[in-house]
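The values are calculated or read from the model by the stated rules, or taken from the named source; none is laboratory data. Keep in mind it's a predicted model, so treat the numbers as computed, not measured. Positions of Cβ are backbone-derived with ideal geometry, glycine not excepted, and every protein chain shown enters the neighbour counts. Each accessible area value is taken on the protein alone, full model and side chains, heavy atoms only, with ligands, DNA and RNA left out. Shrake-Rupley method; radii C 1.70, N 1.55, O 1.52, S 1.80 Å.
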Amino acid sequence: MNPMKCDADIYLGNTIIGEASGNWRAKSFKIDLNGRQVATISRKTGIMGRILDADSYIIEIVAGMDTAFISMIVIALDEIYHDEEK
């Protein structure tokens, strides 16, 4: 549960079909399925790289990939690694 490093296997039944890996604190990671990178996720930033909203993401998905499936993975990781209210 290290927020600086997020690695999560993605399963279909009992079979690992991919993984999400990157830096969750920076909310910058990628999703690979069957050995192929299918999405990159990053924080939404504005001028000079200033973070606009901690809960907003830019999700770039390769053509032909199921956007709902990728979105569900991002939502699940957000729930696991969600920043605590201070």
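So which residues in the stretch 1-44 are assigned to a loop (DSSP other than H, G, I, E, B) and of a type outside the set (Gly, Ala, Ser), if there are any at all?
Correct list: MET1, ASN2, PRO3, MET4, LYS5, ASN14, TRP24, ARG25, LYS27, ASN34, LYS44.
What are the residues in the stretch 60-71 that are assigned to a helix (DSSP H, G or I) and over 14 Å from GLY18 (Cα atoms), if any?
Passing the criteria: THR67, ALA68, SER71.
Go through (1) open to solvent by 40 Å² or more (accessible area, probe 1.4 Å); (2) touching a strand residue (DSSP E or B) at 6+ places or on another chain (Cβ under 9 Å); (3) at pLDDT 65 or above for ASP53 and report which single condition fails.
(3)
Does ILE16 count as open to solvent by less than 70 Å² (accessible area, probe 1.4 Å) and either among the polar types (S, T, N, Q) or modelled with pLDDT of 90 or more (or both)?
No.
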